[in-house]
Amino acid sequence: MQKRVAAIHDISCFGKCSLTVALPIISAVGIECAVIPTAVLSTHTGGFSGFTFRDLTEDILPVAEHWNKEGITVDAVYSGYLGSKEQINLVKEAVRLIKNKDALFVVDPVMADHGKLYGGFSEDFPKQMRTLCEEADIITPNITEAAFMLDTEYKCGPYEKEYIEDILYGLENMCKKGCKIVLTGVYFDEKKIGAACLENGTVTYVFSSYVDAAYHGTGDVFSSALTSGILKGKRLASAAQIASDYTASCIRLTKEKYPYMKYGVNFEAKIPELIESLK
Ligand code: PXL
């Protein structure tokens, strides 16, 4: 049977993030990607001004209720950028309505990077996002998001192992038993960057070669590829390695040709590579 994911994010009409990244990546690897759009914006909020914002909060539950009535269930729910605390609560309810009994809930607690909350989020937003992570089977925060949820100090890289592992164990304590953690943006030197995974008490690091560039939407590229890998039957660390290599490869290609950080990465060009590594 073909696997089905429900991706719950906004649609940023321009800028390659959230649903315009999740849909093509997940579909390209052969997994059905149903969507629950939470808002429609003309662009993402990182670096553009004057963007439009059509809030779809009121549609989240009716979509899930309709699927439930039709007997439509999913093998995984993958949530990302959510625009308000109210949306977080509605996503929890929607997940209960649409998950099949063995389904995975992957939460990317999108809200911050480089030590700062994204524009539009209030200071108490991480506390609410933490309650969503508490219901997840896999979470994929970056270091800033993890530090906000744990109310601990954010440090810039290169990192010390102790700082990273304190964060990992803090997240493990915060989440439900058995939840797997994939902490992104981890590097100990400027040669390699990747993720730290914690599963059943064991820490595994996955690294790709370091590219000195930061583009918008790369967290969404990583989590979409990771979710795809898990649903394709890969173990956590293997899916994280594939997602890290794919993301790094997209950034490297984009950096060679295209300096506009807010326009996102050329993830499309590397989709054949991702498909090959997930075979
Ligand atoms: O890539 C994360 C993201 C998704 N959606 C919107 C955003 C951001 C990050 O800023 O603004 C609307």
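For the reader, a short list of remarks on this structure follows.
- Pairs of Cα atoms nearer than 8 Å and 6+ residues apart set the relative contact order; for segment 4-277 it is 16 percent.
- Accessible-area order (highest first, 1.4 angstrom probe) of the listed residues GLU32, GLU190: GLU190, GLU32
- Summing charges over all other residues whose Cβ lies under 15 Å from the Cβ of SER238, with Lys and Arg as +1 and Asp and Glu as -1, gives +2.
- The modelled label-to-label distance for the pair LYS116/ASN200, using points 7 Å beyond Cα in the direction of Cβ, is 4.2 nm.
- Absence of a disulfide-compatible partner, taken as no other cysteine beta carbon within less than 4.7 angstrom, is noted in the chain for CYS13, CYS17, CYS33, CYS133, CYS156, CYS197, CYS250.
- Each label point was placed 7 Å from the Cα along the Cα-to-Cβ direction; for MET261 and ARG96 their separation is 4.1 nm.
- Rounded, prolate or oblate (a/c below 1.5 giving rounded, otherwise prolate when a/b exceeds b/c) for the chain by Cα gyration tensor: rounded
- Solvent-accessible area per residue in the chain equals 45 Å², computed with a 1.4 angstrom probe and all protein chains kept.
- Within the chain, DSSP assigns beta bridges of which about 45% are antiparallel (rounded to the nearest 5).
- Rounded to 0.05, the FRET efficiency of the LYS127 and PHE14 pair, given R0 = 25 Å and the Cβ-Cβ distance, is 0.20.
- Dipole of the chain, positive direction: furthest Cα of PRO24, ILE193, PHE207, with charges on the beta-carbon: PRO24
- The 1.4 Å probe gives accessible areas that order ASP59, ASP166, largest first, as ASP166, ASP59.
- Fluctuation leader among GLU135, GLU123, GLU160 - the chain, Gaussian network, Cα springs under 10 angstrom: GLU123
- Only one residue of ALA248, PRO126, MET174 has its Cα farthest out toward the positive end of the dipole of segment 4-277, where Lys and Arg carry +1 and Asp and Glu -1 on Cβ, and that residue is ALA248.
- Largest accessible area first, the residues THR254, THR218 order themselves as THR218, THR254 under a 1.4 Å probe with ligands, DNA and RNA left out.
- For segment 4-277, a simple Cβ point-charge model (Lys and Arg +1, Asp and Glu -1, everything else neutral) yields a dipole of about 440 debye relative to the Cα centre.
- Size of charge dipole - segment 134-185 - debye, nearest 20, with Cβ of Lys, Arg +1 and Asp, Glu -1, no other charges: 160
- Ligands, DNA and RNA aside, LEU226 has an accessible area near 0 Å² when probed at 1.4 Å.
- Heavy-atom accessible surface of the chain: percent carbon and sulfur, 1.4 Å: 50
The values are calculated or read from the model by the stated rules, or taken from the named source; none is laboratory data. Because the structure is predicted, anything quoted here is derived from the model rather than measured. Note that we place each Cβ from the backbone using ideal geometry, even for glycine, and neighbour counts take in every protein chain shown. Surface accessibility is based on the protein's heavy atoms, side chains included, excluding ligands, DNA and RNA. Shrake-Rupley method; radii C 1.70, N 1.55, O 1.52, S 1.80 Å.
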